[in-house]
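Each remark here refers to the structure printed beneath this line.
What follows is calculated from the coordinates using simple rules that are stated; it is not laboratory data. Please read these numbers as outputs of a predicted model, since none were measured by experiment. For neighbour counting, all protein chains shown are included, and Cβ atoms are generated from backbone atoms with ideal geometry for every residue, glycine included.
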């Protein structure tokens, strides 16, 4: 009896390539635009076929109540629920504080991570995710945030935070002690020039 091979279906991968075909392969040039929040809310969510009545979960500006652990960039969270859904949706981008409130510890690096962050935002009960960070962050604010790095690492090492994240807080600690500085300097360059620095020889702002 002839047996057909199972079809390997990866919806996330399919969505990744679909968005890439529309917006191009250079993800950083896509993400780092002044109006990326409008592009995500009006175009990306439509491409992902979210029902129109369910596309408002990124519509709210939570800047005044943003979680202090959010890493600077377009995505950030305000006061989230404590259901712990963010890790399951975006494990490379979302962590919890001691109360299990969610925050972005690393901005999306590619379209797949973007899709994961969008899914994390979609299932968060309080609609606490925003994608308009580019309209708020400035170089001075980024530098001020970076000065608190030692305090943030201290908080990430708090027993309750470690318990809530089950060891995943090390992802953020290692990032802060590693590539975070260059990523933040590149973001500052974008904020200053409205262009993401794709050339490695470009002089970046100091922190």
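Show me the ranking of peptides 42-55, 86-99 by mean Cβ neighbours inside 10 Å, starting with the highest.
86-99, 42-55
Using the Cα atoms of the stretch 129-207 to build a convex hull, what is its mean projected area in square nanometres?
6.2
Working from the alpha-carbon coordinates of the stretch 67-152, get Rg over Rh, Rh being the Kirkwood radius. All intermediate terms of the calculation are to be shown ahead of the outcome.
Numbers: Rg = 12.3 Å, Rh = 13.0 Å.
Taking Rh as the inverse mean 1/r over Cα pairs, Rg/Rh reads 0.95.
Taking the Cα centre of each part, how many Å lie between the stretch 47-67 and the stretch 116-137?
6
So I have (1) 17.7, 69; (2) 19.5, 65; (3) 18.7, 78, and one of them is Rg and Dmax of the Cα atoms in Å calculated from this model. Which one is it?
Among (1) 17.7, 69; (2) 19.5, 65; (3) 18.7, 78, the one calculated here is (1).
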